[in-house]
Each structure stands twice: as structure tokens, then as C-alpha cells.
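Below: one structure, written as C-alpha cells.
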There are 6 protein chains.
Amino acid sequence: MNITNKMKIALYPGSFDPITKGHISIINKAVPLFDILYIGIGENNTKKHLFPLEKRINWIKKIFENNPKVKVITYKNLTVDLCREIDAKYIVRGLRTYSDFEYEKKLAYNNQTLNHNIETVFFIPDLKYINISSTIVRDIYMHGGDISFFVPELLIN
Amino acid sequence: MNITNKMKIALYPGSFDPITKGHISIINKAVPLFDILYIGIGENNTKKHLFPLEKRINWIKKIFENNPKVKVITYKNLTVDLCREIDAKYIVRGLRTYSDFEYEKKLAYNNQTLNHNIETVFFIPDLKYINISSTIVRDIYMHGGDISFFVPELLIN
Amino acid sequence: MNITNKMKIALYPGSFDPITKGHISIINKAVPLFDILYIGIGENNTKKHLFPLEKRINWIKKIFENNPKVKVITYKNLTVDLCREIDAKYIVRGLRTYSDFEYEKKLAYNNQTLNHNIETVFFIPDLKYINISSTIVRDIYMHGGDISFFVPELLIN
Amino acid sequence: MNITNKMKIALYPGSFDPITKGHISIINKAVPLFDILYIGIGENNTKKHLFPLEKRINWIKKIFENNPKVKVITYKNLTVDLCREIDAKYIVRGLRTYSDFEYEKKLAYNNQTLNHNIETVFFIPDLKYINISSTIVRDIYMHGGDISFFVPELLIN
Amino acid sequence: MNITNKMKIALYPGSFDPITKGHISIINKAVPLFDILYIGIGENNTKKHLFPLEKRINWIKKIFENNPKVKVITYKNLTVDLCREIDAKYIVRGLRTYSDFEYEKKLAYNNQTLNHNIETVFFIPDLKYINISSTIVRDIYMHGGDISFFVPELLIN
Amino acid sequence: MNITNKMKIALYPGSFDPITKGHISIINKAVPLFDILYIGIGENNTKKHLFPLEKRINWIKKIFENNPKVKVITYKNLTVDLCREIDAKYIVRGLRTYSDFEYEKKLAYNNQTLNHNIETVFFIPDLKYINISSTIVRDIYMHGGDISFFVPELLIN
């Protein structure tokens, strides 16, 4: 696939520690609107992750191996700088709760201050996945609970 | 323009009584992602409107007369039924406040209950227009105030 | 059943215009905690109802005809005054959204100001029913839409 | 008292239908910061009031008869236009709930759009009065309930 | 007291670091609805506590020493797993703010995903205690402030 | 300037790590209402700061060097205790989001519990600065992004 000027390219940034059925729901809703949807895994040195970066990348690659429009990328700089590098004019974000909305709205406006060409497009996940977060998955996982409802099968085996 | 099966068709439903710079901001952000964006004016007999339907239609037509992707339509049935008629798989909505988010989330999930094929895509308006609503425009207008910041120039002359 | 002093009696007040699967979810969660759960239909002269009072009463009676703990009652006075009459020390309310929470919290504290002996107990409905409201059911119904997901079967036939 | 250029003049607009202990709490907190605090009663023809304007004016005058800084005024135009007339550079508003905050923030920004010289100053009422609203007082009053906790004694006798 | 199948058993989980008048208000409202109310102190190794576990247990035991329905328990596993062990079908939680509501709603739905038999019952504290949190008590305590309004007398002497 | 009993003295407490255009907007709105406005920088040993205290103090002093009513002060005790020391009867706070409002409301009521003589006065920043926070500035700064929109020029050179 050649990247051309007319392509609609979007970035879905996050930690994906781990990727959940909530994330997948958002990706599935967003992907038909774009030519390429980059899943951008931010490498944040100050934040401790439960699952190693390699694993997080491979899970996402595996899950979307049959969808050539979904690509995985890692980054250490600002999200708007990554957008410039990959020619993404859209940032994709999911909204579940009021806190999400407040945080995402602030982020979207600040991103637009830093780069006027970037728009954020918001989606809500399937209702049954609305209470899932990576934080909760990690908490259940660390307490030895059953995370099979929350994450794709691939992560459990 | 022939409507084909592969086209991405969206509906932006509302009363547009009147259309504001906030609406226009949402339309401008949404339109590049779709092949057709219908502006759907709901005709609701129980709701009293300040500006007659004819005027509301013409304003929108005039504003977007150079953008063939934007079309105006009126409807009396359920929004999801209109979507079926016009082959729209997407509903476009703007989010300004928490109440917006709460209301729109409820609506989006109920629309999906009524028609599983419809997704709602959310945008936020340009920051400077985030406090505009048709309700406030009508209120200022009826008190003889100056609405020129809130609506396109066309509506004032 | 004789009403005794030790009985835990609760009131679930509302318009129930019409009763929805959301209401039923709340009732089913609340009823095991009480000896009697009154469903109190407020008769409010200033509020227009879509379904006649008689119908609303009968639907609820029919739905819970096998549960002797659930009783239907209508009232015109303040909710706290009805509580005194029926010896209810608890008010049951459902919480779906932030607006619900804000409104219910205000109401609960004002009810406690009016009658210090009354506590409000809150439940959340089953997740799949969280976006249901009587308002939305009436809206779909009046537009000729399909309300079968939202209300018990009894109301449709 | 002569109104001079250096005076800090504020307007506290509302319906005051009726004035509550919540309003009085806000006025008592705001008044030390200003030289004149106008209580502005909006006369809105489309809104039905429970208590006649004359009564609402007299109650406030009586309550603050010993405080020469508090003045009552009625108005039919936009709030920002009244501010210009009375030389008020400040609007005073109370915040109880999230809806209050959302509504007041929107209003404050729109007022500033209409008149750049006007700032809104926000106060929270004494905690015990945080759940009081004129709406709730009217509701209790119309159902024959006891409003003595909610309003100043003067209104009851 | 023999635990029988028909008993209504609830769990009120938390850190109680320290127990506040807000917690006590919730417990007093919840306890009449249940036969046993376990106060479950989660031992979380990653979370630093100000007051040692032993102290937190003893305070609660002391405060409710005359109420045989209130029992203290500590646990390290998932809350839903503790519920299974102690046969609790109800989780009790207090709601003060919007963040509480958002967090508790998410938790309640996730707990129900993990164990379909568990319902969460929500209470609001007495209004005068609505702004109390253990976090704020710890902050005042560490700055040498007076916490006597926020916690039971027992903790101060 | 001699501090007299009749002076209106306010405290605007925070970390100011760093001071932003949002803070400056709040200060500019608050200062006309008071005779002295102390900017109180809390020295919190458990919180890590990006910019050293000395720098934070000097920036604020420099920015307001022509306004004798604005004074900078540092403190380690409770905010209400500082208020007593400096005779401040008012605390000034900015409100941007719902979380701000929730947090500030809780704080204001707890401060009033600790010292009945202190009132909190709230302002909203200029709309264009509503999405600025010190946290976001630090994040952009640490990623090598451009913070010139967010902070006064002085901080960049």
C-alpha cells in the first residue's frame, strides 16, 4: 500500500497495557472511516507497565493481522509530533465516562493548540464493554481473577 | 453523483433553529470523513420553533452551496428510520458539555438498539464556539441582543 | 399479611408512564431487602401522561401478580407524606446517569429535611437496561417505532 | 450614597420565585466584596411565576432593609444590558451542583462575548442550604408541605 | 449467631485509613437492611497506609462493639472472591460525589461480570459528612490540623 | 502599605509548577476585588516539583512586579492556618472543569469546617486558557514540545 496525499490517516494512541475488548470495539468502529489506522503505543519512561512492550505490540499485531489498514507503532515524543511524522490528521479516542470526556476534551483542544491540522474523532464502545479499562484488567489479573470477559482470547492462552 | 454501496453516508440530525457557528464547526470537521453528509431537520409537531422550517432549510443550503457533499433533508419519523431510507450508517453529533455527552451517549445506545448497523461519530466544535447553542441564540434574539458572534452572517442580513 | 412494626417497608415512587424493563430491574434488586415494596404512582395534575393511570396501575399489578411483596399505590401528596401513611422508612430509587444522581441526591436530602426518619436506598439497573427511560419509550412509541426491547411484553400485546 | 466611578457594583440576577435561604447565603457572602449588590429580578413573560412580582420584590427589600448595599431592581432586557445601565462590572452567581456549574459557565462566557467588561464571580452557599432551590420550594408549597426550613421566616407568616 | 441460608449478608469494603464519620454514617444506614454487615479492610501491598492495619481493625471493632451485626474482616483477594467466602450477596457503598458515582458504577458492573449473584446497594451519608474522605483526614492529620469533626472521638484520644 | 483591619485580603493557593496563563487570568480577575492578593505556594515534601521553588517564586514576582496588591508567599502548614497568619478571609480559586468544581467544592467546605471565617470565591479563566493546566505544561515541556501558548513569555526565555 502506497501512502498518498489523499489518504485519511488516523492515530489511536494509548498504553494498551493490555489491549482490551473495549479498545477493540473502538478500533472496529473507527477503521472503516480511515485508510490507515495506526495504533500508537506511547513509551513513557515514568509510567510502569504490567505487560512488556514487546508483548503489547505482538498482541495487537496478531489481533488485526487480517486487517491491513491497522498498523502498530511505538513512540516516545508528543502525540501531535507523531501525527506529523505519520501524516495523521485524525486522532481517534474512545469515550466511556464523564472523566474520559473531560480528559479527552482537554487533550483534544491542547493538541489542536499544538497542531491546528489535527482533529479528534470520538467513538463509544459497545455497551457491554463500557466498564472495561486496562486499569481494572490489571487489577483483576494481579489478584488472580478471571479476565476472560475483558480481553481477547489471545491474551489468556 | 450516484449513490453507491461503498459510499460512506452520514446524518447530522437536529432542529437547527437556527443553525449556529457551532453546528457549522461540527459539519466542517465531519464532512471530510464522509461521501455524503445529510443535515436532517426533524419536524417535530410538539416543539415550537422560532424560525420557520423554510428559512432553516434555505440558510443551510446557502451556507453549503459550494459543498456538494452536504445535503439538507427534513423528516418526521425516527432518526434511525431516516438513516435506513438514506442509507446512512453513521450519525454525526457534536459534544460541548457533560449534559451533551450524557444525552448523546444515551441516544446513541438506544439508536443502536433500534438499528444495529448505525454508529454515532462524535466531534467537538472549535473552542471559541463551545458555549453556543441554538437555545441561547434564540434567547438573545428575542431580547433584541446582538447574535452576530453566534450565527453565520447570512442569518443576520 | 399483617403489617407489623418490625417490617421493612419501602416506597418506589415514580410516574411509570410506562413501566420499563429498567424499572423492573430496580424492583427485582430492591424487593429481597424489604418486606413490602410499594410502587407509588404520583398523580400530578400539571404533568401530562401518555398512558392513562388505570393502565399504568394494571400493568404493574399484572407484572408482579406472583410477588405478594410488591404492591401498587397512587398518591397526590408529597412523597414523604405518603411514606408516613404507609409506614415506609425507605425510598427506593434507580441511578443510571449523572443527572439521575444529581437529581436523586438533592431529592433524598430534601426528603430527609422534611422527614428525618426516611432513608433513600439506591440501585443501578442491569447494564443492558441502563439507557432506558420512560421518556425515550414514549418518544419511540409516538413515532411508531418498536419498543419491545424497552418494556415488558405485556405492554405490547 | 453617590455612585462613583470607583465603586464595585455587582448584579445578582434571578427569578427569586421565591427567594430562599440558599439565595440569602449567596448574597451574604457576596455583599462584603462590593459597594452595591443589585438583586435583579428578571421579568420573563414566557415563564410562569408562582409568587407575584410585587411580593417577590417586597420580600427581598424587607430581608435586606438594614443593609443599604443591597438594592432590588427588575428588568426585562438582557442581563448584560442591565449591567451596562447600572454600571455593574460583576455578576454574582451561586453554584450548588454540576448542572449549575455547566449552565453558569456557559452563561458567563456568553455574557462576556456580549460584553467584554463583565466578570462573573461564583460563591457556594452554606452546606446546609446546598439542596435548596426555588423549584423545590414551589413544589413542596403547592403540595401543602412545610417550607419553613427552605425560606426566610418572613415568607411564611 | 448461626449463619443460615436465608440471611442477608453484606460487605462494605474499603481501606478505612482511617474510618471517618462518613463511613459510620453509611454503616448506620445500611445495617438495618442486613443480618450481617462485614466491614472488609482490603490489604493492598502496593498502597501505603497511614494507620497500621491493627489500629484500623480495632477502631472499627470498638465503635461497633455493641452492634453484633457489624463484623470486621481483612482480605487480600478480589472483593467478589471475599463475597463468595462469606456468603455476602450484597456490597454496600457510599456515594458523595460524581467521581464516586462514576467509579462505583464501573466497579459494581465489573463485580457483577465477575460474579452474577452480587448486587451493590448505595447509600448517601448524612449531609454534614458529605465532604469527608479518608484522604482529606490524612492530609489534615499530617499537617497537624484538627480532625475532630471528621473522625469518631475514639481515634483522637 | 499598612495592613488594616478593614482590608479585604485573599489567598490564591497552589503549586504554580509552573504558573500558567490560566493562573494569570484568574489573578487578574480576582485582584480588583481585594486589597491584597497573596499567591501562596504550598511547599509539599511528598510532591515532586519540576521547577525549583526559587524559580516559581521569582517568576510570579516578576510578572506582577507592577501590581503592589499581588504578593508571593510560601507555606508548609494547612491553607486555613496560613489564612489566619496573613489575615486572609477569602480564598481565591479557578474553575475550569467538573473535576475542578468537585474538588474545589469539597475543599472549600472542609476549609470552612476548619475555619468558619473563610469564604472561597471562584472565577473562571478566559475561555482560550480553559484547557491549560500546570500538569499539561510539564508534560509538553518534558517531551520537548512548545509551551509558549500556555505560559507567560518570561518563563520561556
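For the stretch D:6-28, what are the residues that are closer than 26 Å to F:Lys89 by Cβ, in a loop (DSSP other than H, G, I, E, B) and of a type outside the set (A, V, I, L, M, F, W, C)?
Let us first name the residues in the stretch D:6-28 that are closer than 26 Å to F:Lys89 by Cβ, namely D:6-14, D:19-28.
Of the ones still in play, those that are also in a loop (DSSP other than H, G, I, E, B) are D:6-8, D:19-20.
Scanning the stretch D:6-28 gives D:Lys6, D:Lys8, D:Thr20.
In summary, B:Lys61 fulfils each of the numbered conditions (1) out of contact with any strand residue (DSSP E or B) (no Cβ under 8 Å at 6 or more places or on another chain); (2) charged (D, E, K, R); (3) closer than 19 Å to B:Val151 by Cα with the single exception of condition (1). List every residue pair whose Cβ atoms sit under 7 Å apart, with the two residues 6 or more apart in sequence or on different chains, where the first one lies in the stretch B:55-69 and is under 14 Å from B:Gly40 (Cα atoms) and the second, anywhere, is among the β-branched types (Val, Ile, Thr) and in a helix (DSSP H, G or I). Going by the 7 Å Cβ cut-off, the qualifying pairs are B:Lys69/B:Val31.
Each row is one residue, and each column tells you yes or no for (1) of a type in the set (Gly, Ala, Ser); (2) within 19 Å of A:Glu119 (Cα to Cα).
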{"residue": "B:Gly94", "(1), (2)": "yes, yes"}
{"residue": "B:Thr97", "(1), (2)": "no, yes"}
{"residue": "B:Tyr103", "(1), (2)": "no, no"}
{"residue": "B:Ile118", "(1), (2)": "no, no"}
{"residue": "B:Gly144", "(1), (2)": "yes, no"}
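Every test in (1) without any contact (Cβ under 8 Å) to a residue 24 or more places away in the chain; (2) touching a Lys or Arg at 6+ places or on another chain (Cβ under 7 Å) is passed by D:Asn28 save one, and that test is (2). Screening the stretch B:29-132 for strands (runs of 3 or more DSSP E) wholly inside it with 1 or more residues that are more than 13 Å from chain A (Cβ to nearest Cβ) returns the ranges B:36-42, B:70-75.
Would you point out which residue out of D:Ser15, D:Ser25 is more than 14 Å from every other protein chain (Cβ to nearest Cβ), surrounded by fewer than 23 Cβ atoms within 10 Å (Cβ to Cβ) and of a type in the set (S, T, N, Q)?
Working: D:Ser25 fails: more than 14 Å from every other protein chain (Cβ to nearest Cβ).
Exactly one residue qualifies, and that residue is D:Ser15.
When C:Lys48 is tested against (1) surrounded by fewer than 17 Cβ atoms within 10 Å (Cβ to Cβ); (2) over 14 Å from C:Ala10 (Cβ atoms); (3) modelled with pLDDT of 95 or more, only condition (3) is not met. The sole residue among D:Asp126, D:Asp87, D:Asp81 that is on the phi > 0 side of the Ramachandran plot, surrounded by fewer than 17 Cβ atoms within 10 Å (Cβ to Cβ) and of a type outside the set (Lys, Arg) is D:Asp87.
Does C:Ile156 qualify as being under 17 Å from the mean Cα position of the chain (by Cα), more than 7 Å from every other protein chain (Cβ to nearest Cβ) and either basic (Lys, Arg) or farther than 27 Å from E:His116 by Cβ (or both)? Judged against the criteria, C:Ile156 is not a match. When residues in the stretch F:113-157 are screened for being in contact (Cβ under 8 Å) with a residue 12 or more places away in the chain and either more than 30 Å from F:Phe34 (Cα to Cα) or among the charged types (D, E, K, R) (or both), 5 of them pass. Looking only at the stretch E:142-157, how many residues end up being assigned to a helix (DSSP H, G or I) and surrounded by 19 or more Cβ atoms within 10 Å (Cβ to Cβ)? Looking only at that region, the number is 1. Once the stretch D:133-147 is narrowed to residues that are in contact with a Leu (Cβ under 9 Å, 6 or more places away or on another chain) and small (Gly, Ala, Ser), the residue that is farthest from the other protein chains (Cβ to nearest Cβ) is D:Ser134. State yes or no: is A:Phe34 surrounded by 19 or more Cβ atoms within 10 Å (Cβ to Cβ) and within 21 Å of B:Asp35 (Cα to Cα)? It is true that A:Phe34 is surrounded by 19 or more Cβ atoms within 10 Å (Cβ to Cβ) and within 21 Å of B:Asp35 (Cα to Cα).
The values are calculated or read from the model by the stated rules, or taken from the named source; none is laboratory data. In this text the structure is predicted, and so the values were computed from the model without any measurement. Here Cβ is always computed from backbone atoms with ideal geometry, including for glycine, and neighbour counts include all displayed protein chains.
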